[in-house]
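Down below is the structure, laid out as structure tokens.
Coordinate-derived values only; no laboratory data. Treat the numbers as computed from the prediction; the structure is a model and nothing was measured. Here Cβ is always computed from backbone atoms with ideal geometry, including for glycine, and neighbour counts include all displayed protein chains.
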Amino acid sequence: MRIGDTKAIVTGGASGLGAATARMLCASEAAVTILDRDTERGMALAAEIGAGFQPVDVTDEASVTQAIGEAAAQMGGITACLNCAGIATAERTLGKSGPHALDSFRRTVEINLIGSFNVLRLAAAEMATNDYESDGCRGVIVNTASIAAFDGQKGQAAYAASKGGIASMTLPLARDLASLRIRVMAIAPGVFRTPMLEGLGSEVMDTLAADVPNPPRLGDPAEFARLVCHIIENCYLNGEVIRLDGALRMT
Ligand SMILES: NC(=O)c1ccc[n+]([C@@H]2O[C@H](COP(=O)([O-])OP(=O)(O)OC[C@H]3O[C@@H](n4cnc5c(N)ncnc54)[C@H](O)[C@@H]3O)[C@@H](O)[C@H]2O)c1
């Protein structure tokens, strides 16, 4: 699929990895609609880069149905669904103040895993109505996992569970949608310089960056966006999770 012909929705596109992806796609002349619950930032970025914007809560069926319908109507269809919306949480299974709150565990899985599935299943229904692209594909879905799916740290039970779900559903999703010629991929980022990570403070960021073997720094969101663009263009990539982490393995 040529980037310039792509009609993409980007969840979490108001910030961080999603914003970098929306920015790079727009710069390459793709049609883009940002879907985010942060209306203020989403609308401002959309106006800056020439994208559309739809307010959405990825966990809400009605909200996502409405946003995908509007995005498809405005762009003349959807050929790429890029799921970057997510939250980071940290809580021990049994901490000083007692057991992990069940609500926070549920909320993390609800947004990161169920929210991604909610968006992709509705986007797939829209993609199934597309004509075939020149490469024979109808569409591509890229979900955002994390290296915590494989080497989660203390306090990451909920986050790792949500991202492990993203990783492990990649192959069955690709198999489910193969006959429709819709591909499904996931990216498992290491540590990237985004507002999510910046919230941890510069000391923590420096420590995280020092652990990355090569290159010894945090990832640039544009590097994530470049991989998304490659996945869109490379029709033979399907059913796989790609680590993007400078060889970082969390201890
Ligand atoms: N930054 C990293 O180092 C890193 C590493 C691994 C994985 N990830 C994953 O990448 C994704 C993007 O992270 P980021 O660092 O860009 O974070 P970010 O906080 O900068 O951006 C996340 C975006 O998702 C949106 N969002 C959150 N919940 C939502 C909901 N219910 N409905 C709609 N939008 C919602 C937020 O408004 C925000 O714009 C997340 O899934 C995160 O877990 C990030």
In nm, spacing of pseudo-spin labels at R193 and N214 (7 Å Cα→C-beta vector): 2.2 nm
Residue-wise HN-Hα coupling along the stretch 189-194, computed from phi with Karplus coefficients 6.51, -1.76, 1.60 (Hz; x: Gly, Pro): x, x, 10, 10, 6, 9
Hydrodynamic radius (Kirkwood) for the chain, which is based on Cα pairs only, to one decimal in Å: 18.1 Å
Dipole-positive endmost among A161, V184, A145 within the stretch 109-197 (Cβ charges, Cα centre): A161
Compactness relative to 2.2 N^0.38 Å, alpha carbon Rg of the stretch 15-109: 1.32
Packing-based exposure ordering (other Cβ within 10 Å, fewest first) of C26, C235: C235, C26
Amide H partners (placed H, <5 Å) of T6, local residues excluded: A31
Extension gain (nm, one decimal) between H230 and R175, 0.36 nm per residue minus Cα-Cα: 17.7 nm
Once exposed loop GluC sites (Glu not before Pro) are cut out (DSSP; at most 16 other Cβ, 10 Å), longest piece of the chain: 30-239
10 Å Cβ shell holding at most 11 others, DSSP loop, chymotrypsin sites (Phe, Trp or Tyr not before Pro): longest site-free stretch of the chain: 1-131
Residue among T21, M250, L218 farthest towards the positive dipole end of the chain, charges placed on Cβ: M250
Rounded to 5, the percent of DSSP beta bridges in the chain classed as antiparallel: 5 percent
Rg/Rh (Cα only; Kirkwood hydrodynamic radius) as it applies to the stretch 144-246: 1.01
Equivalent ellipsoid semi-axes, the stretch 136-201, via Cα gyration tensor eigenvalues times 5, rooted, Å: 28, 14, 7
Radius ratio Rg over Rh of the stretch 114-159, counting only Cα atoms, Kirkwood formula for Rh: 1.19
Stokes-Einstein D in µm²/s, Kirkwood radius over Cα pairs - the stretch 95-184 at 10 °C with 1.306 mPa s viscosity: 109 µm²/s
Backbone HN-Hα couplings from phi across the stretch 117-134 [Karplus 6.51/-1.76/1.60, Hz, Gly and Pro as x]: 5, 4, 5, 5, 5, 6, 5, 5, 4, 5, 4, 4, 8, 6, 6, 6, 6, 4
